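The values are calculated or read from the model by the stated rules, or taken from the named source; none is laboratory data. Predicted model only: the values in this text are computed from it and were never measured. Glycine also receives a Cβ, built like all others from the backbone with ideal geometry; neighbour counts cover every protein chain displayed. Surface accessibility is based on the protein's heavy atoms, side chains included, excluding ligands, DNA and RNA. Shrake-Rupley method; radii C 1.70, N 1.55, O 1.52, S 1.80 Å.
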Amino acid sequence: MKSNLIVLFSFLFAVNTFSQTVFTTTNSDKKTKSKPTYIQYDITAAIKGNPNAGETNEYTKEKESWFLPDGLGAKIGYGLHYNNWVALGIHTGINWEWTNKLVVVPIFANFKLSPKIGEETRITLQTGMGKSVALGRGSLSGDYKKISLGLQSDAVLFFIEVSQYDFRINNQRNSGNISLGISLISF
């Protein structure tokens, strides 16, 4: 009887000591890999120099501003990127210039460099080359060139852009504008 009790006690002790513990771990250090494609939406406001800058307005008694608005623009682009650092895409849009009474539709290849200058801040340089067509001006078309410089934080980009249309309008060899803009980029 004493030996049966020792065997039973040993059996119960052995069953309790052979338990299994399961640990669940998560890998939170791993970053999610973004898609290699991007979509970019741009809104721009063209500006021009004010010929009356610095003069006092006789009605408001205030000094005239240095710049005046000269148009609006919107563009959309799609392309490939590598780690949000280098991108190549095809872009199109519409630009409206008020002084020249001109509406232009460019389609161009866009190359973008965006090196990091801070934890979440990038300086962005974009260049574009392609073709442009003036709407409502017959067969008025030509080359399109642009360059922009801006600051990007996550998916928002603030930039200044210089664009040029290589066709004759209003006895000028070519036309173009300087714009301030904002971009939303979806990676």
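Overview of values
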quantity	calculated
Descending semi-axes in whole angstrom, ellipsoid equivalent of the stretch 36-134, from the Cα gyration tensor	34, 20, 9
Label point distance in nm, VAL105-LEU68, each placed 7 Å from Cα along Cα→Cβ	3.0 nm
Pairwise Cα inverse-distance average, inverted: Kirkwood Rh of the stretch 81-187 (Å)	14.7 Å
The stretch 41-160, accessible surface, carbon-and-sulfur percent (1.4 angstrom probe)	66 percent
Nitroxide proxy distance, nm - points 7 Å out along Cα→Cβ at ARG168 and VAL86	4.1 nm
Gyration tensor (alpha-carbon) shape descriptor, the stretch 45-89, a/c threshold 1.5	prolate
Value of relative contact order over the stretch 63-139, rounded to a whole percent, pairs C-alpha under 8 Å and six or more apart	24 percent
Segment MET129-ILE76, extension gain: residue separation times 0.36 nm, minus the distance between their alpha carbons	17.6 nm
Charge dipole magnitude, Cβ of K and R +1, D and E -1 - the stretch 24-150, Cα centre, debye nearest 20	640 debye
The stretch 43-90 - charge dipole about Cα centre, Lys and Arg +1 at Cβ, Asp and Glu -1, debye rounded to 20	240 debye
Burial order of peptide ranges 88-99, 57-68 (average beta-carbon count within 10 Å, highest first)	88-99, 57-68
Exceeding the 26 Å Cα-Cα cut-off - candidates LYS75/LYS131; LYS63/LYS146; LYS63/LYS145	LYS63/LYS146; LYS63/LYS145
Inter-probe distance in nm under a simple model that places probes 7 Å from Cα toward Cβ, at TYR41 and ILE117	2.6 nm
